[in-house]
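All remarks here apply to the structure that follows.
What follows is calculated from the coordinates using simple rules that are stated; it is not laboratory data. Keep in mind it's a predicted model, so treat the numbers as computed, not measured. Cβ coordinates were reconstructed from backbone atoms using ideal geometry, including for glycine residues, and neighbour counts include every protein chain displayed.
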Amino acid sequence: MTTPASERTDHVGRAIILTLITVTVFGVQDAVSKILVQTHSPFQMTMMRYWGFALFALFLVARQAPLRQAFRSKVPVWQVVRGTLLIADIWFFALALQTVPLGELQAIVIVYPLLVTLFAILVLGEKVGIFRFAAVGVGFLGAILIMRPGGVPLTWGVFCGLASATLYALYIVLTRKVSRVDSAATSMTYAAVVGLVLSTGVGVFFWQPMGWTELAMTVLIMVTTCAGHGLMVFALSMAPASTVQPFNYFSLPWAIVLSILVFGQWIDPISLVGAAIIVAAGLVIMARERVRKVSVTPQEALPGHE
């Protein structure tokens with residue numbers, strides 16, 4: 001039976017609203033994480049957050065099929081590499097949170113769609129025309145504008161932010177690669193288990209006692225992690241990832257608002273222009289890919305560092 005056009009429109013509208021709520025939830029998570037990593041190790045916080053995410057992801061997978069079946073991958077090595085890239089991305093993002101203001105950090109890591117375009121050429125052999133190459137080049141000019149002399153101080157936190165964006169872009173490209181032979185359930189299972197093992201294996205060596213306030217904030221991070229991913233799953237069940245993906249750019253203005261309200265940190269006007277250029281270039285690339293009907297898997301729409 002064909003779905004009426006009005007019903008499809010309603011579903012897309014709900015998916016967009018859920019995506020915006022998801023970005024809002026992840027923004028709150030980033031703000032709380034930034035507070036905690038000032039006094040506790042980013043590795044400890046990542047470990048505890050992954051406890052919640054792994055339980056949630058495995059619960060979702062178990063509802064669809066036995067976990068033993070979900071572990072059957074045709075490319076297990078690539079799946080392990082994916083999981084490693086994702087946890088490394090989150091580690092670097094947490095490290096960057098220690099020193100870089102939230103607004104500037106979000107402006108830096110949001111270059112990942114541009115990096116995806118470049119890595120897709122090398123890893124997947126995708127052909128990219130001059131139009132998309134030009135958009136990537138313009139986007140990187142925006143990044144240079146943000147990190148210009150007198151802009152965001154070039155501390156180790158900035159390089160951690162760039163590393164986070166790079167690793168997440170590689171994670172997305174490899175997700176596309178493995179999605180050709182493995183199911184979404186298998187990819188989610190490997191990402192959860194590999195991340196859980198690595199984050200715990202490293203995090204236990206950085207354990208620090210936590211007071212009730214810090215523990216409550218950590219629980220909030222775990223809850224927002226599960227809630228954010230759950231909302232995004234619902235959004236992706238109502239509309240294609242290519243439709244809702246552009247609305248993830250709402251994370252930038254929301255990060256700027258949280259940076260001002262929570263930390264009293266303002267983003268300078270020139271850096272804001274650079275961020276706008278990056279967003280515009282990313283939207284152009286996404287629009288071009290949508291026209292070309294490039295498929296995007298659900299995992300790609302989930303922000304790696306959130």
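For this structure, a couple of remarks:
- Long-range amide H partners of residue 99 with built H, under 5 Å: none
- Seen from residue 124, the other residues with C-beta closer than 12 Å to its C-beta sum to a net charge of +3, counting Lys and Arg as +1 and Asp and Glu as -1.
- A simple rule links phi to the HN-Hα coupling: the Karplus curve 6.51 cos²θ - 1.76 cosθ + 1.60 with θ = phi - 60°, which for the range 217-229 gives 5, 5, 4, 4, 4, 5, 5, 5, 4, 5, 5, x, 5 Hz, with x for Gly and Pro.
- Oblate is the label for the range 181-282, because a/c, from the alpha-carbon gyration tensor with a ≥ b ≥ c as root eigenvalues, is 1.5 or above and a/b does not exceed b/c.
- When the inverse distances between all different Cα atoms of the range 5-121 are averaged and flipped, the Kirkwood radius reads 17.2 angstrom.
- Counted charge near residue 264, where neighbours are those whose Cβ lies closer than 15 Å (Asp, Glu -1; Lys, Arg +1): -1
- Shown in residue order for the range 14-28 are the 3J(HN,Hα) couplings computed by the Karplus curve 6.51 cos²θ - 1.76 cosθ + 1.60 at θ = phi - 60°: 5, 4, 5, 4, 5, 5, 5, 5, 4, 4, 4, 4, 5, x, 4 Hz (x for Gly and Pro).
- Cα-based shape type of the range 5-295, given that a ≥ b ≥ c are square roots of the gyration tensor eigenvalues and the cut on a/c is 1.5: rounded
- Dipole axis of the range 5-295 (+1 Lys, Arg; -1 Asp, Glu on Cβ), positive-most option in 113, 219, 265: 113
- Estimated vicinal HN-Hα couplings, Hz - the range 50-61 in sequence order (Karplus 6.51, -1.76, 1.60; Gly, Pro = x): 5, 4, x, 5, 4, 4, 5, 5, 5, 5, 4, 5
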